[in-house]
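Only one structure is covered here, and it is reproduced in the block below.
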2 protein chains.
Amino acid sequence: MKGKLKIAVDAMGGDQGPSVVVEGVVEVIPRLNQGEELVLVGDSERLKREIGVFSTNFLPISLVHASQVIQMDESPITALRKKKNTSIAVALSLHRQGRVDAVVSAGNTGAVMASSVWTLKRLEGVDRPAIASFFPTEKEPIIVLDVGANADCKPLNLYQFAVMGSIYARSILGRRNPRVGLLSIGEESSKGNELTLEAHRLLGRSSLNFIGNLEGKDILTGDVDVVVCDGFVGNVILKFTESIERILTTHFNKHLRSNLRSKLGALLLKPVFENFRKDFDYAEYGGAPLLGIDGVSIICHGKSSPKAISNAILVARRMVKEGINEMIKQRLKENGIGKRGNG
Amino acid sequence: MKGKLKIAVDAMGGDQGPSVVVEGVVEVIPRLNQGEELVLVGDSERLKREIGVFSTNFLPISLVHASQVIQMDESPITALRKKKNTSIAVALSLHRQGRVDAVVSAGNTGAVMASSVWTLKRLEGVDRPAIASFFPTEKEPIIVLDVGANADCKPLNLYQFAVMGSIYARSILGRRNPRVGLLSIGEESSKGNELTLEAHRLLGRSSLNFIGNLEGKDILTGDVDVVVCDGFVGNVILKFTESIERILTTHFNKHLRSNLRSKLGALLLKPVFENFRKDFDYAEYGGAPLLGIDGVSIICHGKSSPKAISNAILVARRMVKEGINEMIKQRLKENGIGKRGNG
């Protein structure tokens, strides 16, 4: 644990541009400790104007200029090849040079992911980094991984996701002995596809608190802390969930307008609806860490609110302070699955 | 199209036993045409008692005895091996013998699926049958397939699912030129896993109305008629969706009890909530056909309501009358993908 902890924030990422990110940065400052500092990376002229609003002369914020921006709809690969001085590239290079301890970005997910792996490299013992996303449930939030870094996975990848997710759930979500479930299509160990059948065997032999297969209906119960799946299924589920809030709103709006009784009821229930929307609004959560890289990189939703940005900064700080990567390396070394072939 | 159309109904399937199934059968009778008949298969003593309630002497219902039942939680494979005289086996064997034109069952999904394929065999040109499920959307209901018959798929399987789904959507949902989407993790054709990347190429070369990749968030928009995916992803999504109604109820109940304002609002909005629950209650829909077998077999949800059973019977009738299987065979022959390798 260093005395001086620095987090770089990609100020140009996100659908709404720097103003939301800067607002999130300013919001989080009262919660920082002595010696902790945020480094805003982006168009410095623009950022000076944005920060001016908050008159931040005395705030622990510094600026680092980056002349380019990766658009949200730009191809990550093309962007990484052609643009060398983007806000995300500069932030990650500060991290690689040891000038910051973590990076937070609400930019183009594919680009943040690819350039994080490219710049920071994989963590020792990890074959494929994974994106871990919070999911709201009937009880406490849980994490699901991978939600998009790896469209095709091998059983060993899923095992490593489980290890990383378990450590993350313990350190960041505070679960003492995180329950790890494998997303499949039946509770019995004999149910699944080729990937999950073999992953089930690996997980069963590991020292993780593996509770077995889960079905789609079990994700939101809150009776598991870490849901492990390949990045294809995880991404489909994540994006499907994001659409639920929209379909609910559409449905209720249609019926609510139908008569006076419904209109009045809707007015009375407005706070409950708002609450529900917030619970299911992923932009409220503190971003998704890319686990398994040699550094800390948090990917926020493009439509992140200032609160989401500030939450992500706090998660990044905690990941650095808890030394999550050291724990992951250690745990993978101890279990040694894939190297010595035992659990 | 035969003059005398007969549909066998597995009367012993479903979580609640024969009474619900019999109620569904009796409900649908006024909608049958002259010469159409339902064959109830199950414990004949029990069924006579159940039917007695409705005094059905003049109804177009006949009974066929089956001495055994497959339990909902029984292993399909074991059940099929050990029990030769179950209601579902007898119903399917009537179908194979040409004594009925279709089978409807709310029994153990795995068992209905496996014994349907086993008894009726695959349709000419189809490598793997698939279960097609209705999904409610913001607009009209759509179908998603496969939702569980095939945990591991090849690109050609997805292409065949698309052909079968498209024909089903046209004949049963009445869509003139069904839009077929491939479930993936990005809209661009370059996004996906190995399976979907190759399936995208096959679909792009076909004569289907292929609208490209869909993401998880696009399933419920109603801007597509047929969503194609492997049975693993489809099953996870289906079961995940089934759990949404439950999490909504839990959430609202928690908040609704909190104060008088919310209680009053909830009372006023009760019809809207009920409506929503119904929209998302898959048991309300008319079952899921197993497409790609040489016959018509509709798998209903274990907790099907009488209405769901009667809807399933109507869907079965329509599948027979429209000659869906003939169309599938014809279409697969015309396109010839997988045989001559062109679209």
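In nm, one decimal, shortest first: how far is the label point of A:Lys4 (7 Å from Cα along Cα to beta carbon) from the matching points in the other copies?
Going from nearest to farthest copy, the values are 9.3 nm.
Can you give me the distance in nm between label points at B:Asp152 and B:Glu245, each placed 7 Å from the Cα along the Cα-to-Cβ direction?
3.5 nm
Would you work out which of B:Leu183, B:Val296, B:Phe252 lies farthest towards the positive end of the dipole of chain B, given +1 charges on the beta-carbon of Lys and Arg and -1 on that of Asp and Glu, about the Cα centre?
About the Cα centre, the residue reaching furthest to the positive side is B:Val296.
Which value in nm describes the separation of the simple spin-label points at B:Glu322 and A:Asp127, placed 7 Å from the Cα toward the beta carbon?
Using points 7 Å along Cα→Cβ, the separation is 4.4 nm.
What is the set of long-range amide H partners of B:Met12 at a cut-off below 5 Å, with H atoms built 1.01 Å from backbone N?
Result for B:Met12 returns nothing.
Over the Cα atoms of segment B:130-283, Rg to Rh with Kirkwood Rh, two decimal places?
Working: Rg = 18.0 Å, Rh = 16.6 Å.
Across segment B:130-283, the Cα-based Rg/Rh ratio is 1.08.
Taking H as built 1.01 Å from N, whose amide H comes closer than 5 Å to the amide H of A:Arg128, not counting residues under 5 places away?
Here nothing satisfies the definition.
Among A:Gly174, A:Gly148, A:Gly287, whose mean-square fluctuation peaks in a Gaussian network model of chain A (Cα, cutoff 10 Å)?
The residue with the greatest mean-square fluctuation here is A:Gly174.
I'd like the distance separating the alpha-carbon centroids of segment B:49-127 and segment A:240-312, in whole Å.
44 Å
How large is the convex hull of the C-alpha atoms of the protein assembly as shown per residue, in Å³? Mind showing how you got there, number by number?
On the way: hull volume 120.4 nm³, N = 686.
Each residue corresponds to 175 Å³ of Cα convex hull volume.
Using a Gaussian network model of chain B with C-alpha springs under 10 Å, which one of B:Asn259, B:Asn325, B:Asn157 is most mobile by mean-square fluctuation?
Of B:Asn259, B:Asn325, B:Asn157, the Gaussian network model singles out B:Asn259 as fluctuating most.
Does chain B classify as rounded, prolate or oblate by the C-alpha gyration tensor (a ≥ b ≥ c root eigenvalues; a/c under 1.5 gives rounded; else a/b over b/c gives prolate, otherwise oblate)? Provide the component values of the computation, followed by the final result.
Values: a/c = 1.79, a/b = 1.09, b/c = 1.63.
Here chain B falls in the oblate category.
As a test of the formula, what do you get for chain B when each DSSP H run with n ≥ 4 contributes -39,500 (n - 2.57) and the sum is divided by the residue count, at 222 nm and rounded to the nearest 500 deg cm²/dmol? Numbers along the way, then the final one.
Working: 11 runs with 153 residues, N = 343.
Counting only the DSSP helices, I get -14500 deg cm²/dmol.
Could you bin all the Cα-Cα distances of segment B:110-196 into 5 Å bins starting at 0 and give me the percent of pairs in each, rounded to whole numbers?
Taking all Cα pairs of segment B:110-196, the binned fractions are 3, 12, 21, 23, 21, 14, 5, 2, 0 percent.
State the antiparallel share, in %, of DSSP beta bridges confined to the protein assembly as shown, rounding to the nearest 5. Intermediate values should be presented prior to the final figure.
On the way: 18 of 74 bridges.
Taking every DSSP beta bridge with both residues in the protein assembly as shown, the antiparallel ones total about 25 percent.
If we hang a label 7 Å off Cα along the beta carbon direction at A:Gly212, how far is it from the matching labels on the other copies, in nm, shortest first?
Label point to label point, same position, other copies: 4.3 nm.
How large is ³J(HN,Hα) for each residue in segment B:111-127, as worked out from phi by the Karplus curve 6.51 cos²θ - 1.76 cosθ + 1.60 (θ = phi - 60°), to whole Hz, x for Gly and Pro?
Calculated HN-Hα couplings, in order: 6, 4, 4, 4, 6, 5, 5, 4, 7, 8, 6, 6, 6, 3, x, 9, 7 Hz.
Return the loop-located trypsin sites (Lys or Arg not before Pro) in segment B:160-197 (DSSP other than H, G, I, E, B) with at most 14 other Cβ atoms within 10 Å of their own Cβ; answer none if there are none. Don't skip to the end; give the middle numbers.
Values: sites: B:Arg170, B:Arg175, B:Arg176, B:Arg179, B:Lys191; in loops: B:Arg175, B:Arg176, B:Arg179, B:Lys191.
In loop regions of segment B:160-197 (DSSP not H, G, I, E or B), the sparsely surrounded trypsin sites (Lys or Arg not before Pro) are B:Arg176.
Measuring from label point to label point, each 7 Å out along Cα→Cβ, what is the A:Lys303 to B:Glu188 span in nm?
Result: 2.2 nm between the two label points.
Output ³J(HN,Hα) for segment B:306-321: one whole-Hz value per residue in order, computed from phi by the Karplus curve 6.51 cos²θ - 1.76 cosθ + 1.60 with θ = phi - 60°, and x for Gly and Pro.
x, 4, 5, 5, 5, 4, 5, 5, 5, 5, 4, 4, 5, 4, 5, 5
Loop only per DSSP, at most 15 neighbouring Cβ atoms within 10 Å: give me the GluC sites (Glu not before Pro) in segment A:174-269, ordered by residue number.
Numbers: sites: A:Glu187, A:Glu188, A:Glu194, A:Glu198, A:Glu215, A:Glu242, A:Glu245; in loops: A:Glu187, A:Glu188, A:Glu215.
Answer by residue number: A:Glu187, A:Glu188.
Which whole-Hz couplings ³J(HN,Hα) result when phi for each residue of segment B:4-15 is put into the Karplus expression 6.51 cos²θ - 1.76 cosθ + 1.60, θ = phi - 60°, listed in order with x for Gly and Pro?
My calculation for segment B:4-15 gives 9, 9, 10, 10, 8, 10, 5, 7, 9, x, x, 5 Hz in order.
Determine, for B:Phe232, A:Phe273, the number of other Cβ atoms within 10 Å of each Cβ, and report the residues in order from fewest to most. Don't skip to the end; give the middle numbers.
On the way: B:Phe232 27, A:Phe273 18.
Going from sparsest to densest Cβ surroundings: A:Phe273, B:Phe232.
Could you tell me which residue out of A:Asn325, A:Ile29, A:Phe210 lies farthest along the dipole of chain A toward its positive end? Charges go on the beta carbon: Lys and Arg +1, Asp and Glu -1, centred on the Cα centre.
After comparing all options, I get A:Ile29.
Run through the DSSP bridge list for chain A and note the antiparallel percent, rounded to the nearest 5. Could the numbers behind the result be given before it?
Working: 9 of 37 bridges.
The antiparallel proportion sits near 25 percent.
Treat every Asp and Glu Cβ in segment A:268-328 as -1 and every Lys and Arg Cβ as +1, leave all other atoms uncharged, and give the resulting dipole magnitude about the Cα centre to the nearest 20 debye. Spell out each step's value before the answer.
On the way: 8 positive and 7 negative charges, 55 e Å.
Dipole magnitude for segment A:268-328 comes out near 260 debye.
What nm distances, shortest first, do you get from the label point of B:Ser189 to those in the other copies when the point sits 7 angstrom along Cα to Cβ?
4.4
Based on Cβ point charges of +1 for Lys and Arg and -1 for Asp and Glu, what charge dipole magnitude is obtained for segment A:192-248 about its Cα centre, in debye rounded to the nearest 20?
For this selection, approximately 40 debye.
Only the coordinates and a few stated rules stand behind these numbers; no lab work does. In this text, all values refer to a predicted model and were calculated from it rather than measured experimentally. A quick note on method: Cβ atoms are made from the backbone with ideal geometry, for glycine too, and the neighbour counts reach across all protein chains shown.
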